[in-house]
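Derivation of every value follows stated rules applied to the coordinates shown; laboratory data play no part. Keep in mind that what you see is a predicted model, and the values were worked out from it rather than measured. Cβ placement follows ideal geometry from the backbone for every residue including glycine, while neighbour counts extend to all protein chains displayed.
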Amino acid sequence: MKTARELAQIAGGETESTVGIARVSHPAAAGADALVFAQDAASLEAALASAAGLIFAAEALAATGQRPADPRLVWLHDAKYGFALAGRELRGPGEGSALHPSAVVDDSATLGQGTRVGAGAVIEAGAVLGLECRIGPRVVVHAGVVLGDRCVVQAGAVLGATGFGYVRQRETGEYLLFPQQGTLVLEDDVEIGANTTIDRGALGETRIGRGTKVDNLVHIGHNCRIGRNVVIAAQVGLSGSCVVEDGVVIAGQVGLGDHCHIGPGVVLGGQSGVYSGKTVRGPGELFAGTPAEPAREHMKSLARLRRLK
Amino acid sequence: MKTARELAQIAGGETESTVGIARVSHPAAAGADALVFAQDAASLEAALASAAGLIFAAEALAATGQRPADPRLVWLHDAKYGFALAGRELRGPGEGSALHPSAVVDDSATLGQGTRVGAGAVIEAGAVLGLECRIGPRVVVHAGVVLGDRCVVQAGAVLGATGFGYVRQRETGEYLLFPQQGTLVLEDDVEIGANTTIDRGALGETRIGRGTKVDNLVHIGHNCRIGRNVVIAAQVGLSGSCVVEDGVVIAGQVGLGDHCHIGPGVVLGGQSGVYSGKTVRGPGELFAGTPAEPAREHMKSLARLRRLK
Amino acid sequence: MKTARELAQIAGGETESTVGIARVSHPAAAGADALVFAQDAASLEAALASAAGLIFAAEALAATGQRPADPRLVWLHDAKYGFALAGRELRGPGEGSALHPSAVVDDSATLGQGTRVGAGAVIEAGAVLGLECRIGPRVVVHAGVVLGDRCVVQAGAVLGATGFGYVRQRETGEYLLFPQQGTLVLEDDVEIGANTTIDRGALGETRIGRGTKVDNLVHIGHNCRIGRNVVIAAQVGLSGSCVVEDGVVIAGQVGLGDHCHIGPGVVLGGQSGVYSGKTVRGPGELFAGTPAEPAREHMKSLARLRRLK
């Protein structure tokens, strides 16, 4: 429970109200102890009609002349971001045991202060977890994997699996595992979705940069190097040794061949694919199709195809 | 063990035979205690030549004049469906402990009568499971998730994970989690495949309608609303806030952007994709490609492309 | 720890050196106890400049005149394969407990000598595991599944899940599970990636041939029959009853409809798709696109499309 004034301050706004706020909410489910937010005229109307005790609203709405005098209103440059900040504050340090009794943590693993490990999780020898990480139920952190501070790993994820690198015996066609003895490093504030798998490096390391967020059922192969503040949506697959630079956004089900290079700020549209060894560049530009091309070109090609007789 | 007569009745057919039937089988592996089924001339021949004690055969075969006098035969409108009904009957209420000692079930979770929970499963606080559910090994049911009656959840599935919703801080490019505090509801008779992940709603709920079947490694994002008797094959990915209406069939590896709307009875072909915010309509119609278009149009486009010089 | 001479012999080469080698390494991280390998001029230079105690180098390099007299060098026909052989030797029989105390192994399951089972793994009734298998943490081996010798199953994989086969009730549109009571057989030397799911047969069996390697997050449906020495990369999905013959290579995110037949030695490129019931043939030939066609044809089609005005 925080006062309206405390939450407004956290979000960079102001109010004199000292009403107690316990939770964030949809307008429809809001009571006097709830914070809601409004980014457009319709959601502002819903917020004002609700029982919410506090409303974060976008300044842009005020600028259009819609500036009601409701004392619950706090005007913010980015109301949604402020709402997320307040939501984090209200969640508090998180409930649950620091280390669930059913978790299996090797004696040689190191867990930073405030780090919590869920039921059935397995932390192997030599793994190092930073401060205030949250490791979900049934997560596996393999031997020697390193996590920075405030990392979140959801249920069932596997960190530091053996990479998929084989050498083919020419005469027999049999495959022999290439050594997969490298490591995996997650920098600070990395968040990993449920049942996602990230392989350790073969001889070197796999690395996920600070602040990068990875959704459910994603596969990241050995020796990949992912930059900072990258977003990787569900079911994306990165083959080995890909480099993804800072600020890239990868939509769902995208596939990258091995040794791809995705330049800073690129946006790869859903289901697009990049062939092995290729480079994609263009900050803020959206790519689509397989092999990925600028989305405008891709759309023109599809339109041309439909015009053919 | 049931008599042939009992099983025939369950399937909507008749026989005077009281031979004991213990299992369903392939003709090749059938003994006198086995039921087999036949839907075409070839499988009828195999069934008659087998040692099976009971044969469910499609009435359409009898109509074509092939109506042998074998006393093991029971004629049914839908022999395969009858076979599946008999198979369910013969499986019985299911073996295994009601609650495996290695499962971790929170004291505040509620389990309906006849519900069984497998080894290493984790049921968190406030979760509610209906009657006669089967929760496989290592399943995670997160806090507050609600399952109806007779739901089946296979090994490793994660129900109620934190959704992938972030707000970007404009100046720094950093991402902050948007509150993901909603819930997930599975209605009666929903079945979920191995290692599938379904996220809880952000502020509202994610809902899977009655009788819907979901295969392995599927991802369903926060706030999706799936109708009744929907089929979702392996590795399909649904981004947040999609609406999928009753009777839809989604083939393997299909991807939906956020806020898609799939009308009742639509069939999305394998690997097809629907862009964010788009609607697909047409009961019983097959769609293909990305962006998804009627399959006939898609095939014509591909054919035109190959004719080009 | 092995001597240089022992490791050279294992790889099919020769040296008089008896220096002790404890590990394989990158040149950059190599010390006197490390083996490195060189396949081209650049990596040979790096190897020679490193502190490595032993260097496996490709004979082809010697043939080009680059045959330095460094006593650490061992010339091999396939230096990378030799390096992998040495790496396997140096890993030894593997650390860790034979059977982790947190694993749940049914009394009726059979584990061959030298087989190790990781933390939280679940081995159900009647499962049979051969000699020297390595079962990772939280793996599920369902009832009756059979593994040959030296199989490796990584964390979170689910072997023998219930297949996704339903019969639709015509009047109500409801789906009823078709019996899924068959089994799953992994032959010798099969390796399975993290969080991969493989379904048991419906009435018959699903079978993965000797020496086949499967990456993370792959789905293999019921009744599939996979040949020997097949490679299946991450996130590939095989619908039910597919036949994949010996030596096939399937790149990431490929999707096969049910009842496909992939001929020996075919290479399916990343994200390609094969429609239900189709056959793809051509040893060593690369296929691309959906529906999959020879990659050269596919590239020509894409080029034609871009030339259109």
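For chain B, the relative contact order is 7 percent, taking Cα pairs closer than 8 Å that sit 6 or more residues apart in sequence and dividing their mean separation by the residue count.
Legend: calculated FRET efficiency, residue C:299 to residue C:45, from the Cβ-Cβ distance at R0 = 41 Å, rounded to 0.05, equals 0.70.
By DSSP, the beta bridges lying fully in the protein assembly as shown are antiparallel in about 10 percent of cases. Note: relative contact order over region A:1-148, using C-alpha pairs below 8 Å and six or more positions apart, is 16 percent.
Rounded, prolate or oblate for region C:179-269? Axes are the square roots of the Cα gyration tensor eigenvalues, ordered a ≥ b ≥ c, and the cut-off for rounded is a/c under 1.5. Intermediate results must be reported in sequence, preceding the final value.
Working: a/c = 1.35, a/b = 1.31, b/c = 1.03.
Rounded shape, in that the Cα axes give a/c under 1.5.
Label-point spacing for residue A:173 across the identical copies (point 7 Å from Cα in the Cβ direction), in nm and ascending order: 4.7, 4.7.
In region C:1-75, what percentage of the DSSP-assigned beta bridges are antiparallel, given to the nearest 5? Could you put the intermediate results ahead of the total?
On the way: 2 of 11 bridges.
Of all bridge pairs located within region C:1-75, approximately 20 percent are antiparallel.
In chain C, a dipole from Cβ-located charges (positive for Lys and Arg, negative for Asp and Glu) runs towards its positive end, and of C:109, C:294, C:24 it is C:294 whose Cα lies farthest in that direction. What's the FRET efficiency of residue A:77 with residue B:106 using the Cβ-Cβ distance as r and R₀ = 45 Å, to the nearest 0.05? Taking R0 as 45 Å, the efficiency between residue A:77 and residue B:106 is 0.65. Computed from backbone phi with θ = phi - 60° and the Karplus coefficients 6.51, -1.76 and 1.60, the 3J(HN,Hα) list for region B:203-209 is 10, x, 10, 9, 9, 10, x Hz; x is used for glycine and proline.
Sorting C:281, A:225 by the number of Cβ atoms found within 10 Å of their own Cβ, with the fewest placed first, yields C:281, A:225.
Could you tell me the relative contact order of region C:99-229? Use alpha-carbon pairs under 8 Å, at least six residues apart, and round to a whole percent.
Working: 426 pairs, mean separation 22.6, N = 131.
Answer for region C:99-229 is 17 percent.
For region A:100-239, take N as its residue count and report Rg(C-alpha) divided by 2.2 N^0.38 Å.
Cα-based Rg divided by the globular estimate yields 1.04.
Averaged over the residues of C:246-258, the number of partner chain Cβ atoms lying within 10 Å of the residue Cβ comes to 5.
Close amide H contacts of residue B:119 (hydrogens built in the peptide plane, cut-off under 5 Å, sequence separation of 5 or more or a different chain): B:138. Only helices enter the 222 nm calculation for chain B: every DSSP H run of n ≥ 4 contributes -39,500 (n - 2.57), and dividing by all residues gives -4500 deg cm²/dmol, rounded to 500. Considering only B:122, B:231, A:203, and ranking their Cα positions along the charge dipole of the protein assembly as shown that arises from unit charges at the beta-carbon of Lys, Arg, Asp and Glu, the one farthest toward the positive end is B:231. Of all DSSP-defined beta bridges confined to region A:1-151, some 10% are antiparallel rather than parallel.
Let a ≥ b ≥ c be the square roots of the eigenvalues of the Cα gyration tensor of region B:1-100; is it rounded (a/c under 1.5), or, if not, prolate (a/b larger than b/c) or oblate? Show your work: numbers first, answer last.
Numbers: a/c = 1.98, a/b = 1.85, b/c = 1.07.
Verdict is prolate for region B:1-100.
Diagonalising the gyration tensor over the Cα atoms of region B:61-135 and scaling each eigenvalue by 5 before taking the square root yields semi-axes of 44, 12, 8 Å, largest first.
Using R₀ = 56 Å, calculate the FRET efficiency as 1/(1 + (r/R₀)^6) where r is the Cβ-Cβ separation of residue B:132 and residue A:33; round to 0.05.
Values: r = 38 Å, r/R0 = 0.69.
Approximately 0.90, to the nearest 0.05.
Between 0 and 90 degrees, the angle of helix A:295-307 with respect to the longest Cα principal axis of chain A falls at about 80 degrees. Inter-part distance, region B:98-175 to region B:21-40, computed on C-alpha centroids, equals 37 Å.
Explain nothing, just the number: dipole magnitude of chain C about its Cα centre with +1 on each Lys and Arg Cβ and -1 on each Asp and Glu Cβ, in debye rounded to the nearest 20. Provide the component values of the computation, followed by the final result.
Numbers: 28 positive and 31 negative charges, 220 e Å.
Computed charge dipole of chain C: roughly 1060 debye.
Rounded to a whole number of µm²/s, how large is the Stokes-Einstein D of the protein assembly as shown at 20 °C and 1.002 mPa s, given Rh as the Kirkwood radius over C-alpha pairs?
Working: Rh = 29.2 Å.
This corresponds to a translational diffusion coefficient of 73 µm²/s.
Under the shape rule built on the C-alpha gyration tensor, where the axes satisfy a ≥ b ≥ c, chain B is oblate, since a/c reaches at least 1.5 while a/b does not exceed b/c. Near the amide H of residue C:129, within less than 5 Å, lie the amide hydrogens of C:110, C:111, C:112, C:147, all on another chain or at least 5 residues away, with H placed in the peptide plane. Roughly what angle does helix A:79-91 make with the longest principal axis of chain A, taking Cα atoms, 0 to 90 degrees, to the nearest 10? So the helix axis and the longest Cα principal axis differ by about 80 degrees. Each copy carries a label point for residue C:297 at 7 Å from Cα toward Cβ; from one copy, the others' points are 2.5, 2.5 nm away, ordered from shortest.
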